[in-house]
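To keep things clear, I will list the structure first and then write my remarks on it.
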Amino acid sequence: DSPDGNYANNSDASATLRVYLNGLSRPLLSFWQLYSLELNRDFGFVEVSGDNGTNWSRLAGITGYGGTNWQQQQLDLTPYAGVDLLIRFRLKSNGSGQDDGWYVDGVSIADNAQVAGYPFNDNMDAAACSTNWLTSAAWQQVGGSAQATNAGASWQCRIGDNAYNPGGSPGSYQSFLTLAGTLNLQSASKPLLSFWWRAGGMYANTCYAQMSKDGGKNWNTVWSWNSYNWQTAAWNRVQVDLNDYLDCTNVALRFIAWNSPSDNFNLDFQ
């Protein structure tokens, strides 16, 4: 974004790609990144538009310092299969503080043919478990789990400090944690989605669990929790009856951390 030095204050710069996602069942956006941004004040966003730029949706965002090692990111574009899509990498900074910025490399879009075995189980404790999921840097594998706070690991979406919203359009922020492979429930008799979750103090933010019968083209919410006025939640176990997905051979699963558009960024879901 700023090859000659630090990015400027009040920047709103983007690099945009147009791609027609024809002939792909589960299009997958992959890229590598390095970034160094003013924490919770300057952001890099991956945004998409299916109507030639009239409206945009945020698929991912970064802030702070991402370290010195290149990180690969993978974002599911299945809801946009068959669409003439605009994809932009957008840097948005505030009026104070500057840093090196955002490096993006090795961008590719290909069909995701991954399949998850059924029954599926992921305790998320091992580093190798990260390959089971498609996610952006806002979701990080962190230490601590529902069963033991000082052992094991879990995924956490943590971004913002409730003191700033970069504004502009789109105003909302959402980050996806998507199961990389689809599930074949044709042989299932009583399929059940089970997971643990927790939430820090937030205002009007929501965590969703969603399922899809067509590999991720269309989604239905099967569970959600909203923080309303600064509610928190300790580790809780959720079990969701998936009887509606019996005999489906191309089932997809994702979790969404969503920040309401009119409020400062302050997501903390795990």
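Each value in this text was obtained by applying a stated rule to the coordinates, not by laboratory testing. Being a predicted model, the structure only gives us computed values, none of them experimental. FYI the Cβ positions are ideal-geometry reconstructions off the backbone, even for glycines, and counts take in every protein chain you see.
Spin-label model, D244 to V142: label points 7 Å out along the Cα-to-beta-carbon direction sit 3.1 nm apart. In this label model, A163 and A126 are separated by 4.1 nm, measuring between points 7 Å along each Cα→Cβ vector. Note that region 217-256 carries a Kirkwood radius of 13.0 Å, evaluated over its alpha carbons pair by pair. Applying the Karplus relation 6.51 cos²θ - 1.76 cosθ + 1.60 with θ = phi - 60° to region 47-61 yields 3J(HN,Hα) values of 10, 10, 9, x, 10, 6, x, 5, 10, 10, 10, 8, 9, 6, x Hz, where x marks Gly and Pro. The slack between S189 and N52, meaning 0.36 nm per residue of separation minus the straight C-alpha distance, is 44.9 nm. Apply the a/c threshold of 1.5 to the C-alpha gyration tensor of region 58-141 and tell me whether it is rounded, prolate or oblate. Because a/c hits 1.5 or more and a/b fails to exceed b/c, region 58-141 counts as oblate. Counting only aspartates and glutamates at least 8 places from K92 when in the same chain, those with an alpha carbon closer than 15 Å to its own are D1, D12, E38, D42, E47, D100.
Rounded to 0.05, the FRET efficiency of the T232 and N264 pair, given R0 = 25 Å and the Cβ-Cβ distance, is 0.90.
Derived scalar couplings between HN and Hα for region 206-218 equal 10, 10, 10, 10, 10, 10, 9, 8, 10, x, x, 6, 10 Hz in order, rounded to whole Hz, by the Karplus curve 6.51 cos²θ - 1.76 cosθ + 1.60 (θ = phi - 60°), x for Gly and Pro. Sequence neighbours fewer than 8 away in the same chain don't count; with that in mind, list the aspartates and glutamates whose C-alpha is under 12 Å from K190. Reachable aspartates and glutamates: D241, D244, D247. Averaging the Cα positions of each part gives two centres, and for region 187-228 and region 1-46 these lie 27 Å apart.
When the convex hull of its Cα atoms is viewed from all sides, the chain shows a mean projected area of 14.3 nm².
According to the calculation over all Cα-Cα pairs in region 1-159, the P(r) per 10 Å bin from zero is 10, 34, 33, 19, 4, 0 %. Start at zero, step by 10 Å, and the Cα-Cα distances of region 6-98 spread as 16, 44, 29, 10, 1 percent across the bins.
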